[in-house]
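> Below is one structure. I have some questions about it.
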Amino acid sequence: MSGPLLSARGVTKRFGGRVACRDVSFDLWPGEVLGVVGESGSGKTTLLNCLAGRMTPDAGSVAYDTAAGPVDVHGLSEARRRLLTRTEWGFVSQDAREGLRMGASAGANIGERLMAIGERHYGEIRRTAADWLGRVEIDLDRLDDRPTAFSGGMRQRLQIARNLVSRPRLVFMDEPTGGLDVSVQARILDLLRGLVENLQLSVVLVTHDLGVARLLTHRLMVMQGGQVVEDGLTDQVLDDPQHAYTQMLVASILPA
Amino acid sequence: MPDTSLPDTSLRDSAYNYAYLDEQTKRMIRRAILKAVAVPGYQVPFGGREMPLPYGWGTGGIQVTAAIIGRDDTLKVIDQGADDTTNAVSIRRFFARVADVATTTRTEDATVIQTRHRVPETPLSDGQILVFQVPIPEPLRMLEPRETETRTLHALREYGVMQVSLYESIARHGRIAKTYNYPVLVNGRYIMSPSPIPKFDNPKLDRSPALQLYGAGREKRIYAVPPHTPVKSLDFDDHPFEIETWSECCALCGSRDSFLDEMIVDDAGKRLFVCSDTDYCERRR
């Protein structure tokens, strides 16, 4: 078996005197879904941005095993890193407006990655876009509508399609279901679970919702004050929390 | 057509430096031009000066022309193809006065042609220089408002977003509906905005024997296409680039292969198509 897909070693990021994330190390294996949970302000999103090359950590390194061989994410040239992020990686933001091109139609949004890597056949791009729209359960007659005309849940699904069209191996997700109502959340989670399984995706998922973590992730890291206080298999962490903070977190879920 | 330059301009106005700009400025602009020619399609920033005409009237083109013009040159200035419109006449007179150059309306006699929004119909030849007046030099500007980001996109050759805009056009109109300022790929490297010339003129840019210089005064950018450089209009494999066609011919000269302007000539809405290139049209009659 090959090595880990993504491995972080001692990732630290400071904003002035404030430490947003301190000495985080882990390995992500191919096909694995890793959850990062913690309360707001615990450094989850900063960690995700450092992993995805959107921020440069002050210390530590992130290594990624590309199809062609392992690379140091932050040692890459900007050109190669950007190429990586639009081919082998995906990034699903909490706010769909950040991840989508709001002025372009749904079809163009899905097709953008294809065009960026050189696809120049309009009919072909459109067919692929329609196919992906179907996979994320959006009606085909919305293909030429702009995301501004979409509901929050549809935008989020469109964003997922836009990222997955290039068949990435690793997807970063920042609260993909945050701010959506419960029934829409459930549908998206269902969809994500299916896609992750079918496409053999590896995922780093940031969420504050332990229910989402339980449903989607294989392994869990619990963060508090920028540090990982506990990690392990999801069921193990949630059923038998060891750290006081995790215990508090688990105990604070409202009974359904 | 009679030459519209001032009758008393055989002598240069000595109150101004030759060609209006001071020598240091001309040197700076020439350096920018050299760089632009060395990297076809790349937008070179330059320190644009105040010119005695408003932005949008050709301040970029006029600075480029001032930097390259010499006493032996013959200047032609066109505005939307016409030699006799206000803008063209005033710029021609300006250079006759401050640079003591001969002016002409005949395309083949000119050594420098400053143009707003057209390429002459008469084929250009070796040694001629075409100076374009450019309002918005950045082809990605309407798609990406951040300058830092557009520079990065050019540097890394990430032109997917340009293709997205063409995709949108087909999805909305069934064809690529852009008719002017149609984006081109220069020498297989940089995407360039060919200033708002009609796409009818795009094929004339490709491997043209004339040097093309583009000056944007407000945005302070100069870019260039050296002679015989490939210039490709962007398109899709199944929606290839096409130029405009007309069912009519020119009402004055009968031309079927020049760019035609549509004019409404009476209150009943009677319409007429005439060549936009006045020099070409008049000499065919």
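The values are calculated or read from the model by the stated rules, or taken from the named source; none is laboratory data. Keep in mind that what you see is a predicted model, and the values were worked out from it rather than measured. All Cβ positions, glycine included, derive from the backbone under ideal geometry; neighbour counts span all protein chains shown. These area figures cover heavy atoms from the full protein model, side chains too; ligands, DNA and RNA do not enter into them. Shrake-Rupley method; radii C 1.70, N 1.55, O 1.52, S 1.80 Å.
> I need every pair where a residue in segment A:124-136 that is within 20 Å of A:ARG155 (Cβ to Cβ) has its Cβ under 6 Å from the Cβ of a residue that is outside any helix (DSSP H, G or I) and among the β-branched types (Val, Ile, Thr), sequence separation at least 6 or different chains.
Every condition considered, the pairs that remain are A:TRP132/A:VAL165.
> Which of the residues spanning segment B:218-233 are surrounded by 20 or more Cβ atoms within 10 Å (Cβ to Cβ) and either modelled with pLDDT under 95 or within 14 Å of chain A (Cβ to nearest Cβ) (or both)?
So the first thing to find is which residues in segment B:218-233 are surrounded by 20 or more Cβ atoms within 10 Å (Cβ to Cβ), and the list is B:221-225, B:231, B:233.
Scanning segment B:218-233 gives a single hit, B:SER233.
> Shifting gears a bit: Hey, does segment B:163-179 have a residue that's touching a residue at least 24 places away in the same chain (Cβ under 8 Å), out of contact with any Phe, Trp or Tyr (no Cβ under 8 Å at 6 or more places or on another chain), under 18 Å from B:MET142 (Cβ atoms) and not in a helix (DSSP H, G or I)?
For segment B:163-179, residues touching a residue at least 24 places away in the same chain (Cβ under 8 Å), out of contact with any Phe, Trp or Tyr (no Cβ under 8 Å at 6 or more places or on another chain), under 18 Å from B:MET142 (Cβ atoms) and not in a helix (DSSP H, G or I): present.
> Among the listed residues B:TYR16, B:TYR55, which satisfies the condition of being touching a residue at least 60 places away in the same chain (Cβ under 8 Å), surrounded by fewer than 19 Cβ atoms within 10 Å (Cβ to Cβ) and within 25 Å of B:MET192 (Cβ to Cβ)? Break it down stepwise before answering.
Working: B:TYR16 fails: within 25 Å of B:MET192 (Cβ to Cβ).
After ruling out the rest, the residue left standing is B:TYR55.
> Out of the strands (runs of 3 or more DSSP E) lying entirely within segment A:122-227, which hold 3 or more residues that are in contact with a Lys or Arg (Cβ under 7 Å, 6 or more places away or on another chain) and within 14 Å of another protein chain (Cβ to nearest Cβ)? Break it down into steps so the answer makes sense when it comes.
Numbers: elements: A:170-174, A:202-207, A:219-224.
So the answer is none; nothing clears 3.
> Against the condition closer than 25 Å to A:ALA8 by Cβ, open to solvent by 60 Å² or more (accessible area, probe 1.4 Å), among the polar types (S, T, N, Q) and part of a helix (DSSP H, G or I), how does A:GLN247 come out, does it pass? Break it down into steps so the answer makes sense when it comes.
Numbers: closer than 25 Å to A:ALA8 by Cβ: no; open to solvent by 60 Å² or more (accessible area, probe 1.4 Å): yes; among the polar types (S, T, N, Q): yes; part of a helix (DSSP H, G or I): yes.
Answer is no for this residue.
> Further question: Among the residues of segment B:248-285, write down those that are of a type in the set (Val, Ile, Thr), assigned to a strand (DSSP E or B) and under 17 Å from B:PRO120 (Cβ atoms). Outline the logic, then answer.
Let us first name the residues in segment B:248-285 that are of a type in the set (Val, Ile, Thr), namely B:264-265, B:274, B:278.
In the following step, the residues that additionally are assigned to a strand (DSSP E or B) were identified as B:264, B:274.
The answer is B:VAL274, and nothing else.
> Next question, about the same structure. Suppose we filter segment A:68-111 for residues that are at the interface with another protein chain (Cβ under 10 Å from one of its Cβ atoms), hydroxyl-bearing (Ser, Thr, Tyr) and either assigned to a helix (DSSP H, G or I) or open to solvent by 20 Å² or more (accessible area, probe 1.4 Å) (or both); how many remain?
Number of matching residues: 1.
> Shifting gears a bit: Which condition does B:ARG118 not pass, out of (1) more than 22 Å from B:MET51 (Cβ to Cβ); (2) not in a helix (DSSP H, G or I), if it passes all the others?
(1)
> Still on this model: Pull up segment B:194-214, narrow it to residues that are part of a strand (DSSP E or B) and touching a helix residue (DSSP H, G or I) at 6+ places or on another chain (Cβ under 8 Å), then point me to the one that is surrounded by the fewest Cβ atoms within 10 Å (Cβ to Cβ). Lay out the reasoning, then the answer.
Here is the first cut: in segment B:194-214, the residues part of a strand (DSSP E or B) are B:198, B:211-214.
With touching a helix residue (DSSP H, G or I) at 6+ places or on another chain (Cβ under 8 Å) added as a condition, the list becomes B:211-214.
Values: B:LEU211: 22, B:GLN212: 29, B:LEU213: 28, B:TYR214: 25.
Going through the qualifying residues, I end up with B:LEU211.
> List the number of the failed condition for B:GLU262; all other conditions in (1) touching a Cys at 6+ places or on another chain (Cβ under 6 Å); (2) without any contact (Cβ under 8 Å) to a residue 12 or more places away in the chain; (3) not aliphatic (A, V, I, L, M) hold.
Looking at each condition in turn, B:GLU262 falls short on (1).
> Show the residue pairs that are 6+ apart or on different chains and have beta-carbon atoms under 9 Å apart, the first residue being within segment B:141-159 and in a helix (DSSP H, G or I), the second being among the aliphatic types (A, V, I, L, M) and open to solvent by less than 30 Å² (accessible area, probe 1.4 Å).
Partner pairs satisfying both residue conditions: B:GLU149/B:LEU140; B:THR150/B:LEU140; B:LEU153/B:LEU140; B:LEU153/B:VAL161; B:LEU153/B:MET162; B:LEU153/B:ILE191; B:HIS154/B:LEU140; B:HIS154/B:ILE191.
> Of all residues in segment B:134-193, count the ones that are open to solvent by less than 30 Å² (accessible area, probe 1.4 Å), closer than 30 Å to A:LEU84 by Cβ, within 14 Å of chain A (Cβ to nearest Cβ) and touching a Ser or Thr at 6+ places or on another chain (Cβ under 9 Å).
Counting residues in segment B:134-193 that are open to solvent by less than 30 Å² (accessible area, probe 1.4 Å), closer than 30 Å to A:LEU84 by Cβ, within 14 Å of chain A (Cβ to nearest Cβ) and touching a Ser or Thr at 6+ places or on another chain (Cβ under 9 Å) gives 7.
> Using beta carbons and a limit of 9 Å, which pairs, at least six apart or on different chains, have the first residue in segment A:192-210 and outside the structural domain of A:ILE160 (by TED's automatic domain parsing) and the second one of a type in the set (Val, Ile, Thr) and open to solvent by 20 Å² or more (accessible area, probe 1.4 Å)?
Sorted first by the residue in segment A:192-210, then by its partner, the pairs are A:SER202/A:VAL196; A:VAL203/A:VAL196; A:VAL206/A:THR45; A:LEU210/A:VAL250; A:LEU210/A:ILE253.
> Can we say A:VAL229 is farther than 24 Å from A:ARG97 by Cβ and in contact with a Pro (Cβ under 6 Å, 6 or more places away or on another chain)?
Working: farther than 24 Å from A:ARG97 by Cβ: yes; in contact with a Pro (Cβ under 6 Å, 6 or more places away or on another chain): no.
So A:VAL229 fails the test.
> Looking at segment A:228-243, which of its residues are open to solvent by less than 70 Å² (accessible area, probe 1.4 Å) and in a helix (DSSP H, G or I)?
First, pick out the residues of segment A:228-243 that are open to solvent by less than 70 Å² (accessible area, probe 1.4 Å): A:228-230, A:232, A:234, A:237-238, A:241, A:243.
The answer is A:THR234, A:VAL237, A:LEU238.
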